[in-house]
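Every number here is computed from the coordinates shown, using simple stated rules; none is lab data. Quick caveat, the model's predicted, so the values are computed rather than measured. In this analysis, Cβ positions are derived from the backbone assuming ideal geometry, glycine residues included, and neighbour counts consider all displayed protein chains.
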Amino acid sequence: MQKKISFNEILTLINSRKISALDLLPHDELPEKLIELCLKSGPDTCDLTTNSMLAALKEAYEQEDVETARVVVFGGGSGLANIIGGASKSSFWLKKPFVGLKEVFPRTSSVVCITDDGGSTGEILKDIPMIAIGDIRHVMLSSVQLGRLQKLYQLTVNQAVRLAGNIAAIFNYRF
């Protein structure tokens, strides 16, 4: 038989616990808590001191240098290309090709599922028995980075945008 704990004992136990401000954020893992903090800020129910601490943590986290962080993204279809660097199939991409995860994390790598048989790949596979290359093509195009173009070819932003447009024209050419 378990010993019944009184209300006062429970209250004393609760009052003796130390709770971190991070304990107030949802999720169990620290990376998930930090993402939540950056996306939504701290909980509304926190006191002013805790909110200030969480705001300072968010600001410091957002100032972290991610130049050397290695990010690997797994996926396929249009979604992976969109996350990496925008919808390269869209005419809007030609105006602003340097967006997405690749600009936040310059050392981003992609693992592309090539079992697709729809879209442009479906058309190619009707005539040529080969691996599905449509998604690889879109991810490669979406992976073009402004910083790399500028470093390798000493291009201005406008020149890099034009070059990305030319690369898109080649990659998206329909035979």
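Would you calculate the separation in nanometres between label points at PHE7 and ASP127, each defined as 7 Å from the Cα along the Cα-to-beta-carbon direction?
It is 8.1 nm.
From largest to smallest, what semi-axes in whole angstrom does the range 34-109 give when each is the square root of 5 times an eigenvalue of its alpha carbon gyration tensor?
Over the Cα atoms of the range 34-109, the ellipsoid semi-axes are 32, 14, 12 Å.
Ordered by residue, what ³J(HN,Hα) values in Hz, to whole numbers, does the range 152-168 give under the Karplus form 6.51 cos²θ - 1.76 cosθ + 1.60, where θ = phi - 60° and Gly and Pro are x?
Per-residue couplings from phi come out as 6, 10, 6, 9, 6, 4, 4, 5, 5, 5, 5, 4, 4, x, 5, 4, 4 Hz.
Full-extension gain between ALA55 and THR115, please, as 0.36 nm times their residue separation minus the C-alpha to C-alpha distance.
Length gained between ALA55 and THR115: 17.2 nm.
Using only Cα atoms, what is the ratio of the radius of gyration of the chain to 2.2 N^0.38 Å?
1.55
How do ILE124, ILE84, ILE5 rank when sorted from fewest to most other Cβ atoms within 10 Å of their own Cβ?
ILE5, ILE124, ILE84
Would you mind giving the three semi-axes, in whole Å and largest first, of the ellipsoid equivalent to the range 70-171 according to its Cα gyration tensor?
One finds semi-axes of 25, 16, 11 Å for the range 70-171.
Return THR108, THR45 ranked ascending by Cβ neighbour count within 10 Å, so the fewest neighbours appear first.
THR45, THR108
In nm, what is the difference between 0.36 nm times the number of residues separating VAL157 and PHE92 and their Cα-Cα distance?
Gain on extension, VAL157 to PHE92, equals 21.7 nm.
Grab the DSSP H runs of the chain that are 4 residues or longer, score each as -39,500 (n - 2.57), total them, divide by all residues and round the 222 nm result to the nearest 500 deg cm²/dmol.
-15500 deg cm²/dmol
ASP23 versus ASP47, label points 7 Å from Cα toward the beta carbon: distance in nm?
So the two model labels end up 1.4 nm from each other.
If you average 1/r over all unlike Cα pairs in the range 17-62 and invert the result, what Kirkwood radius do you get in angstrom?
It is 10.6 Å.
Using a 10 Å cut-off around each Cβ, can you sort LYS40, LYS4 from fewest to most neighbouring Cβ atoms?
By the 10 Å Cβ count, ascending: LYS4, LYS40.
If the reach is capped at under 20 angstrom between alpha carbons, list the lysines near LYS58, excluding any in the same chain fewer than eight residues apart.
Of all the lysines, those that pass the test against LYS58 - Cα under 20 Å, at least 8 places apart if same chain - are LYS33, LYS40.
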